[in-house]
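The values are calculated or read from the model by the stated rules, or taken from the named source; none is laboratory data. Predicted model only: the values in this text are computed from it and were never measured. Heads up, the Cβs are rebuilt from the backbone with ideal geometry, glycines too, and the neighbour counts pull from every protein chain shown. We work out accessible area using only protein heavy atoms, side chains counted, and drop any ligands, DNA or RNA first. Shrake-Rupley method; radii C 1.70, N 1.55, O 1.52, S 1.80 Å.
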Amino acid sequence: MAKKKADCCSFCGRPGNQSEVLIPSGINPDIYLCAECADSIHEILQDFRGIEPGKKKGAKGGDTPDLAKIPKPKEICQYLDQYVIGQDSAKRYLSVAVYNHYKRLAQPEGDDVDIEKSNIVLVGPTGTGKTLLAKTIARMLDVPFTIVDATVLTQAGYVGEDIESLLTRLLQVADYDVAKAERGIVFIDEIDKIARKGDNPSITRDVSGEGVQQGLLKLLEGSVVNVPPQGGRKHPEQRMIPVDTKNILFICGGAFDGIERKIAQRLNTHVVGYATDATRQRINSDNYLSFVAPQDLKSFGLIPEIIGRLPILTHLNPLDRDALRRVLTEPKNAITRQYEKLFAMDGVKLTFEPAALDMIVNKAIEYKLGARGLRAIVETVMIDSMFELPSADAKEFTVTADYVLAKLRQSHYELNKTDAE
């Protein structure tokens with residue numbers, strides 16, 4: 001028991017009346033430790049464990065970073081701009097959500113206003129950058145971040161992954177530090193794959209759709225979940241680790257293929273009569289996703305309870321010709337730069353002619369594969385040169401539009417005129 005008396009600190013010799021408190025030894029009652037020495041020992045331990053002195057213990061558990069040292073929303077958005085082309089709306093939502101997550105963690109103990117988290121759902125066609133946004137933002141975060149897949153999830157007791165296994169990866173990223181994992185961010189990819197088949201509740205048991213959504217409810221809102229540290233059912237003897245998900249931010253992404261029809265049905269409904277609505281006439285039918293609303297997610301197959309736990313809804317625009325052209329060359333990890341690096345390692349200077357890049361973009365739009373289509377086309381075009389050039393003496397190689405077309409025809413991506421006839 002701590003006591004205050006006219007004894008001296010056994011470490012620094014400070015008298016008891018000059019210290020806040022003297023802590024007696026549990027073994028020798030004549031040995032004491034003053035409060036100042038205890039604070040010094042705590043700082044030494046923080047330095048030894050790699051914890052910055054500027055960090056403090058917050059209400060959310062663990063050591064929270066100083067707000068002055070973390071990137072602001074504009075800085076996060078500028079970092080995303082280096083790797084992701086376009087999608088300004090999604091970038092702004094993500095930047096603000098991540099910054100607010102830091103502020104929640106930095107909230108001091110005893111604050112009478114409890115800041116609740118705002119989980120996010122990203123809606124966008126395939127190849128528009130949902131997963132790329134998540135991977136890019138993970139590089140600059142000071143909290144554990146992981147990307148998990150919803151397609152393998154089933155209800156407990158059925159073949160597949162249990163819902164709790166979503167947090168196993170987060171624990172692994174946090175080196176099984178539970179306090180650190182409880183302040184992390186989880187990106188759930190392919191959230192649309194667990195939608196139920198229709199708008200109405202399922203009559204039969206839907207173990208990989210509606211059942212998974214119901215299991216996710218408490219996970220998203222916040223509850224203590226027993227997480228298997230080594231994954232699902234392969235190790236039934238393992239001891240579960242309790243993890244509180246109250247302060248874990250969840251970001252969900254999905255293509256929601258076909259949701260445009262649901263949006264169009266909602267926007268084009270009007271009362272019977274001859275009157276026209278000027279607002280409806282101004283709707284851009286080429287990009288219905290910009291008008292996505294929570295009721296559209298419900299019509300697609302998400303249950304209302306899970307939509308309420310994903311309060312922030314934003315969309316990613318389909319990539320047009322200009323955006324795809326920029327994706328080829330502008331980002332730090334642009335596709336053409338990757339191939340230039342691959343060839344440079346063999347001492348070959350690779351050059352793409354502008355006409356060749358335009359041809360690749362045109363074919364990606366024709367095949368409707370998005371940004372992933374660019375990668376597929378470039379890989380198809382370059383496979384022969386990557387096979388031949390490392391063994392050849394050539395020091396330069398230029399990709400032309402004719403070369404692109406010839407390789408696509410050779411791989412049956414593109415039919416010859418004679419074939420079409």
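Considering the conditions (1) within 27 Å of the chain's Cα centre (by Cα); (2) surrounded by fewer than 17 Cβ atoms within 10 Å (Cβ to Cβ); (3) part of a helix (DSSP H, G or I); (4) polar (S, T, N, Q), residue 336 is excluded by exactly one of them, (2). Within segment 113-158, can you find the residues that are basic (Lys, Arg) and either more than 11 Å from the chain's Cα centre (by Cα) or surrounded by 22 or more Cβ atoms within 10 Å (Cβ to Cβ) (or both)? Correct list: 117, 130.
Looking at the structure I just gave you, is residue 384 open to solvent by 80 Å² or more (accessible area, probe 1.4 Å) and either over 28 Å from residue 84 (Cα atoms) or outside any helix (DSSP H, G or I) (or both)? In short, no. Tell me whether segment 118-141 contains one or more residues that are among the aliphatic types (A, V, I, L, M) and in a loop (DSSP other than H, G, I, E, B). Yes, that holds for at least one residue.
Inside segment 309-326, residues that are surrounded by 13 or more Cβ atoms within 10 Å (Cβ to Cβ), more than 20 Å from the chain's Cα centre (by Cα) and outside any loop (DSSP other than H, G, I, E, B) make up a count of 4. Would you be able to say whether some residue in segment 171-180 is farther than 18 Å from residue 245 by Cα and either in a loop (DSSP other than H, G, I, E, B) or basic (Lys, Arg) (or both)? Within segment 171-180, none of the residues are farther than 18 Å from residue 245 by Cα and either in a loop (DSSP other than H, G, I, E, B) or basic (Lys, Arg) (or both).
Could you tell me whether any residue of segment 87-105 is at pLDDT 90 or above and of a type in the set (Lys, Arg)? Yes: one or more hits.
Within segment 387-421, restricting attention to residues that are in contact with a strand residue (DSSP E or B) (Cβ under 7 Å, 6 or more places away or on another chain) and surrounded by 14 or more Cβ atoms within 10 Å (Cβ to Cβ), the residue that is modelled with the lowest pLDDT is 389. Residues in segment 281-298 that are open to solvent by less than 40 Å² (accessible area, probe 1.4 Å) and either modelled with pLDDT of 90 or more or acidic (Asp, Glu) (or both): 4 in all. Of the residues making up segment 96-117, those that are part of a helix (DSSP H, G or I) and in contact (Cβ under 8 Å) with a residue 40 or more places away in the chain are 97, 98, 101, 102, 104, 105. Scanning segment 21-78 for residues that are surrounded by 14 or more Cβ atoms within 10 Å (Cβ to Cβ), of a type in the set (Asp, Glu) and modelled with pLDDT under 80 yields a single hit, 63.
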